[in-house]
Amino acid sequence: MSLSVHCQFQYPGMFYLDVNVKCHDGITALCGPSGSGKTTLVNLIGGLIRPKSGHIKFHEKVFVDISAKEFLAPEARRLGIVFQKSLLFPHLTVKENLNFGFIRNKSSKFSLEKVVDLLEIGDLLQRRTQSLSGGQARRVALGRALLSCPEMLLLDEPFTGLDHALKVRIVEHLKHVAEEKQLPILLVSHDQEVVQAITNDIVYI
């Protein structure tokens, strides 16, 4: 078992999230209607927000345990995250964005060349990120996550804006990566075609 989440979180107002989820190795889809808390759960796992109570553990590593007053900083969790908003560095080129994590992680399982080929972004490398379309920016964000030497990938609607043929190719490669590299992936997606094609388990929230 790779990921265990048993925690509670509340935004100011009425929204309250009580999660008890266990994700095994492979690719797990996180599904549910808009506003159900999928992105909130990704942010909790990633350490961008803290739960009100409970714990989050990945293998033997404790990400957060409120009762024990433990909290592991986001950068120490070794997670590759692709958010709905790509959050690229606007002052850097695409290549510089890709290299941002890769430079600090020489043991990465992925090379820049392989990621560029996979995501078909070779013609974008010298462009500034503010000139990219939404689909292009998501591909660059996914590439940066793969190059950061992650122990797990958290993908929040990563295929939005991609044409069907490219999406199919990326989905198939991610499935191969999860199996060959033993890289667990938590995927948030409304695309049921992708969910059925790529996932080992489905968690509804």
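Cβ-Cβ distance below 6 Å, separation of 6 or more or different chains: which pairs start in region 90-103 with a residue that is within 15 Å of ARG128 (Cβ to Cβ) and free of Cβ contacts under 8 Å to residues at least 24 places away in the same chain and end on one that is of a type outside the set (Gly, Ala, Ser) and assigned to a loop (DSSP other than H, G, I, E, B)?
The qualifying pairs do not exist here.
Report whether or not SER148 is open to solvent by 10 Å² or more (accessible area, probe 1.4 Å) and small (Gly, Ala, Ser). Can you show your working first?
Numbers: open to solvent by 10 Å² or more (accessible area, probe 1.4 Å): yes; small (Gly, Ala, Ser): yes.
Criteria met by SER148.
VAL115 is checked against (1) surrounded by fewer than 21 Cβ atoms within 10 Å (Cβ to Cβ); (2) without any contact (Cβ under 8 Å) to a residue 60 or more places away in the chain; (3) closer than 20 Å to ILE198 by Cα and fails just one. What number does that condition carry?
(1)
Mind listing whichever residues of region 153-183 are crowded, with 21+ Cβ neighbours inside 10 Å and touching a Ser or Thr at 6+ places or on another chain (Cβ under 9 Å)?
LEU155, ASP156, PRO158, PHE159, listed by residue number.
Determine if region 83-91 includes at least one residue that is in contact with a strand residue (DSSP E or B) (Cβ under 8 Å, 6 or more places away or on another chain) and either open to solvent by less than 70 Å² (accessible area, probe 1.4 Å) or in a strand (DSSP E or B) (or both).
Scanning region 83-91 turns up at least one residue that is in contact with a strand residue (DSSP E or B) (Cβ under 8 Å, 6 or more places away or on another chain) and either open to solvent by less than 70 Å² (accessible area, probe 1.4 Å) or in a strand (DSSP E or B) (or both).
Determine which member of the set SER53, SER67 is open to solvent by 60 Å² or more (accessible area, probe 1.4 Å) and polar (S, T, N, Q). Lay out the reasoning, then the answer.
Values: SER53 fails: open to solvent by 60 Å² or more (accessible area, probe 1.4 Å).
Answer to the check: SER67.
The values are calculated or read from the model by the stated rules, or taken from the named source; none is laboratory data. Everything numeric in this text was worked out from a predicted model, so none of it was measured. Ideal geometry is used to build each Cβ from the backbone, glycine not excepted, and the neighbour counts take in all protein chains shown. Just the protein is used for accessible areas: all its heavy atoms, side chains included, with ligands, DNA and RNA removed. Shrake-Rupley method; radii C 1.70, N 1.55, O 1.52, S 1.80 Å.
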